[in-house]
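Since the structure comes first, as structure tokens, the remarks are kept for the end.
Every number here is computed from the coordinates shown, using simple stated rules; none is lab data. Model, not experiment: these values are computed from the prediction. Using ideal geometry, Cβ is built from the backbone for each residue, glycine included, and neighbour counts are taken over all protein chains shown.
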Amino acid sequence: MATEYPDDNLATGNETILLVDDEQVIIDVARDMLEMLGYQVIVAQDGQLAIDIYTQQKDEIALVILDMVMPGLSGADVFQALKAINPKVKVILASGYIMSRQIAAVMAQGCRAFMSKPYRLEDLAEKIREIIDKA
């Protein structure tokens, strides 16, 4: 089978995205999708590592895709820490769960978008450009 490449209608980019998720299969699939769309990907498998990476590389990271449910620090905790580092941080909150009160609370605190997992390539491509391109 031939390797699939993004079709010409997909929104692509070359920015750096911090992908935060504790599940290796999600990381592998999402990283492949993001790289196929042209993005540089930095991976953090837990909330504290995500905060450490963002602290060091916030000027290079255009967007954070953040899992809501992780052991240790939750997505909500990580979001608060990222906002403390950069009040204008651009975050897409991700969860395999249906929109819950906790997710709604993070959205109300300024998170830019929510996506349910598993991601569809077209939806991911569109949502990333929508968030990165907003001032």
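Summary table
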| read-out | value |
| --- | --- |
| Shape box of region 78-130 [Cα atoms, principal axes, largest first, Å] | 31, 25, 15 |
| Per-bin percent of Cα-Cα distances, region 16-122 [10 Å] | 15, 54, 30, 1 |
| Cα long-axis angle, helix 24-36 against the chain (0 to 90 degrees, to the nearest 10) | 50 |
| Around residue 129: net Lys/Arg minus Asp/Glu count, Cβ-Cβ under 14 Å | -2 |
| Interchain or long-range residues, amide H under 5 Å from residue 92's placed H | 64, 65, 66 |
| Karplus 3J(HN,Hα) series, Hz, for region 50-57 with 6.51 cos²θ - 1.76 cosθ + 1.60 (x for Gly, Pro) | 4, 5, 4, 4, 5, 4, 7, 10 |
| Check: region 16-122 dipole with +1 on Lys, Arg Cβ and -1 on Asp, Glu Cβ, in debye | 540 |
| Amide H contacts under 5 Å for residue 16, placed H, 5+ residues apart | 40, 62 |
